[in-house]
Amino acid sequence: MSTIKLGDKAPNFDAETSEGKLNLYDYLGDSWGILFSHPADYTPVCTTELGTAARYKAEFDKRNVKMIALSVDGVESHMDWIKDINETQNTSVNFPIIADEDRKVSDLYDMIHPNADDTLTVRSVFIIGPDKKIKLLLTYPASTGRNFDELLRVIDSLQLTAYNKVATPANWKHGDDVVISPSVSNEEAKTMFPKGFKEVKSYLRLTPQPELKNS
Ligand code: BEZ
């Protein structure tokens, strides 16, 4: 078991999935990645989450993000469960679900929190950059389904701040003004942000959002 922190290299692994054997790094290639765990197959919240994730695939694709889910049941169980997900959530699951029966990946990513449940994974989210480093960690309990709009919002922020010297303020969403990094001087800001900026305080400078890039 390991504890993964922001900025760490995402541990690589080989795994059986609903789409065959894969190696994480090969699967991700130069893309961003989102790895998210589910407590178990045939559970109601997970069913809605995987259906939602499948319906949002075009949005993840637009952001150059490859999805990969994990549940501690086997491939056969995943394949049968996917039929239910597709039927009940009006979608077609279009990304691999890791069959982590031996808990190898769950342990590698510290997805089992014994004081919550000693066998099932919690709802972890890892966002992995093209450099294979961990850019974001989220941990939800089994009883709370994740908000996929929030995951897209946070990916927009991660990609914006990876490629520009800006940060995103509270409740920021695509199109809102962003904050200029403190490391940028006003002189530099004039050329770096041609749309101009507003100095609310010397440490709080706002500028229109630069164009989003994802590679
Ligand atoms: C669910 O996905 O619905 C779930 C899983 C484990 C515990 C509670 C709910």
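The values are calculated or read from the model by the stated rules, or taken from the named source; none is laboratory data. All values reported here derive from a predicted model rather than from experimental measurement. Glycine gets a Cβ as well: all are built from the backbone with ideal geometry, and neighbour counts include every protein chain shown.
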Q: Report, by residue number, each residue of the stretch 58-107 that is free of Cβ contacts under 8 Å to residues at least 40 places away in the same chain and crowded, with 17+ Cβ neighbours inside 10 Å.
A: K66, M67, A69, D73, S77, I85
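What about L50, is it in a helix (DSSP H, G or I), out of contact with any Cys (no Cβ under 9 Å at 6 or more places or on another chain) and assigned by TED's automatic domain parsing to the domain that holds I134?
For L50, the condition - in a helix (DSSP H, G or I), out of contact with any Cys (no Cβ under 9 Å at 6 or more places or on another chain) and assigned by TED's automatic domain parsing to the domain that holds I134 - is met.
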Q: Looking for whichever is polar (S, T, N, Q), modelled with pLDDT of 95 or more and farther than 18 Å from A69 by Cα here; the options are N115, N171, N147. Which one fits?
A: N171
**Q.** Conditions (1) of a type in the set (A, V, I, L, M); (2) in a loop (DSSP other than H, G, I, E, B); (3) touching a Phe, Trp or Tyr at 6+ places or on another chain (Cβ under 8 Å); number of the one not met by A170
**A.** (3)
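Could you tell me which residue of the stretch 159-174 is nearest to the ligand (Cβ to nearest atom), considering only residues that are closer than 16 Å to N214 by Cβ and surrounded by fewer than 19 Cβ atoms within 10 Å (Cβ to Cβ)?
The extreme case among them is H174.
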Q) Among (1) of a type in the set (D, E, K, R); (2) more than 15 Å from the ligand (Cβ to nearest atom); (3) part of a loop (DSSP other than H, G, I, E, B); (4) farther than 30 Å from L212 by Cβ, which single condition is D30 missing? A) (4)
Q) Just to be sure, is D8 away from the ligand (no atom under 16 Å from the Cβ) and not assigned by TED's automatic domain parsing to the domain that holds Y109? A) yes
